[in-house]
Amino acid sequence: MNRKTFHLVSLGCAKNTVDSDSMAQLLIQDGFKNVTRPSQAGVLIVNTCGFIGPAKEESFQVLRELARDKRRGQLLIAAGCLTQRYGVEVAQKVPGIDGVLGTRRWMDIVQVVQQLRQTPHPATLYHLPEAPTVGRDEGNTLRVSVAGTSAYLKVADGCRRPCAFCAIPLIKGTAVSRPIETIVREAQTLRDNGVRELILIAQDTTDYGHDLGLKDGLAVLLETLTERVPDLDWMRVMYAYPGYVTDRLIDVMASRAQILPYLDIPLQHADPKTLARMKRPSNIEWVHATLAKMRTAFQDKPNRLAIRTTFIVGYPGETDQEFQALMDFVEQTRFDRVGTFKFSFEPGTTSEPLGDPVPADVKEERWNRLMELQQNISLQINQSYVGKTLDVLVEGVDNGISVGRSYRDAPEIDGLVLVEGQLPVGEIVPVRISGAMAYDLTGVPAKERL
Ligand code: SF4
């Protein structure tokens, strides 16, 4: 086993994937080689997720397995959000962890490995320095994660919103925006390396630039990116915060063809009382008005706006009436994509005093009802695309079927387009939609967009 090799397991969200890829870049810059099998690696790293119960359990499970199979001379480092949130507890729960590195200092990964290598028989090394936010010293890394011709680009990290159920501000600290020039340079580098789709991510992209003295920072960033990188085909915006989708942002999104008519805007609920207990914007009329304004802005465009959102069911105090208000809202608003989570009791968040009073079976029953309702809506909306032609980014071919995504599909969380024939992987091609399923579409290659 070569000590200058590493194997990194990345868990959690796309923002964590970017941190994983940045840690990998730093290790490779320091002469390490990335290996695919844990048994071959001198250093094992798990970039953990510490957001909610199921994700935390998965992180512990992966750490336990690697610790169990760890070989003599191998180092096991737990990094990411779980370690930032629970620190010492993580190593206490999983014997065999050599190093604990918090997500706010992901950029110290090489230093942590060197310290462990220099110390014979090292006790667990805790690298959890007092850091108010995620570090700005990114060590000459590209804050991106590339998969094929699609790439996530992190525009900011941390969050300053007061959502009562959420541990992110505890883990990451307040929101820190990255300089526009750095983001533009990274987008140009990605374009130069064949990337066709740029996905802008942060905990809250609509808060971009507030700490850079920018008003409407996300709109400014999109204007700058489309002017400075005009030949990057697709730009997709994720994680918008309700209340901050401004008229200027809508105008920029609707007036620049590179920006996909797609918006991911987690709403979490629709009943004003529940939203107020969640410490979320509870002006549901604003939500209706803004979604209508956005849809209107795209109604004369080649593609209508696709909206993705997420909801939490079973939040403390959620009555049958409040849940019914959510169901009615989803039925009326007809989102393209909906993700649903059961409330996870998270100590340390401001919702902690509310406890977790909604029984698990009630959460389960509400989760199923909401998913079923959305499944029908999603199928009906998908059926409305039959006969239309959509541009599809081809991501793979399997048994003569090409698999890709349209503007309506963010990676990993939305649907796919399955196309007859062997299409060029990495290319964006017109596809005539011939069939619809609850989440995916089927189609045939189209000569040209009709
Ligand atoms: S906006 Fe709210 S839910 Fe999202 S990361 Fe920030 S605090 Fe958490």
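The values are calculated or read from the model by the stated rules, or taken from the named source; none is laboratory data. Keep in mind that what you see is a predicted model, and the values were worked out from it rather than measured. Glycine gets a Cβ as well: all are built from the backbone with ideal geometry, and neighbour counts include every protein chain shown. Accessible surface areas use protein heavy atoms only, side chains included; no ligands, DNA or RNA. Shrake-Rupley method; radii C 1.70, N 1.55, O 1.52, S 1.80 Å.
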D_trans [Stokes-Einstein, Kirkwood Rh over alpha-carbon pairs] for region 328-407, 4 °C, 1.567 mPa s, µm² s⁻¹: 80
In terms of the Cα gyration tensor, with a ≥ b ≥ c the square roots of its eigenvalues, is region 83-193 rounded because a/c is under 1.5, prolate because a/b exceeds b/c, or oblate? oblate
Just the accessible area per residue of the chain, please: how many Å² with a 1.4 Å probe? 41
Once you have the Cα-Cα distance between D30 and W286, take 0.36 nm times their residue separation minus that, and quote the gain in nm to one decimal. 87.1 nm
If you take the square roots of the eigenvalues of the alpha-carbon gyration tensor of region 2-127 and sort them as a ≥ b ≥ c, do you get rounded (a/c under 1.5), prolate (a/b over b/c) or oblate? rounded
Loop-located GluC sites (Glu not before Pro) in region 363-424 whose Cβ has at most 14 other Cβ within 10 Å (DSSP): E412
Accessible heavy-atom area order of T319, T36, T133, highest first, probe of 1.4 Å: T36, T319, T133
If I compute solvent accessible area with a 1.4 Å probe over the protein chains, what percent of it on the chain is carbon and sulfur? 53
Computed label-point distance, nm, for sites K279 and D211 using a 7 Å Cα→Cβ extension: 1.8
Could you work out how far apart the two model spin labels at A131 and M327 are, taking each label as a point 7 Å from the Cα in the direction of the beta carbon, and quote it in nm? 4.6
Charge dipole magnitude, Cβ of K and R +1, D and E -1 - region 106-226, Cα centre, debye nearest 20: 180
Check: the chain dipole with +1 on Lys, Arg Cβ and -1 on Asp, Glu Cβ, in debye: 840
What FRET efficiency would be calculated for the residue pair N399, F345, taking the C-beta separation as r and a Förster radius of 45 Å, to the nearest 0.05? 0.50
Within 10 Å, count the other beta carbons around each residue, average over each peptide in 247-254, 9-16, and list them highest first. 9-16, 247-254
When the charge dipole of region 389-445 is computed with +1 at the Cβ of Lys and Arg and -1 at the Cβ of Asp and Glu, the Cα pointing farthest to the positive end, of L416, T389, Y439, is that of T389
Extension length gain for A123 and K4 (0.36 nm per residue less Cα distance), in nm, is 40.8 nm
With the dipole of region 144-383 worked out from charges on the C-beta (+1 for Lys and Arg, -1 for Asp and Glu) around the Cα centre, which of A297, L170, L232 lies farthest toward the positive end? L232
Between V386 and D69, the two model label points (7 Å from Cα along the beta-carbon direction) sit apart by a distance in nm of 4.5
By average C-beta atoms within 10 angstrom, highest first, the peptides 197-208, 165-176: 197-208, 165-176
Between K93 and E420, 0.36 nm times their residue separation minus their Cα-Cα distance comes to what? 112.8 nm
Counting only DSSP beta bridges fully inside the chain, the antiparallel percentage to nearest 5 is 40
In deg cm²/dmol, rounded to the nearest 500, the helical mean residue ellipticity at 222 nm of the chain, built from -39500 (n - 2.57) for every DSSP H run of length 4 or more, is -10500 deg cm²/dmol
For region 144-383, share of DSSP beta bridges that run antiparallel, in % to the nearest 5: 20
FRET efficiency estimate (nearest 0.05) - Cβ-Cβ, I413 to R37, R0 35 angstrom: 0.80
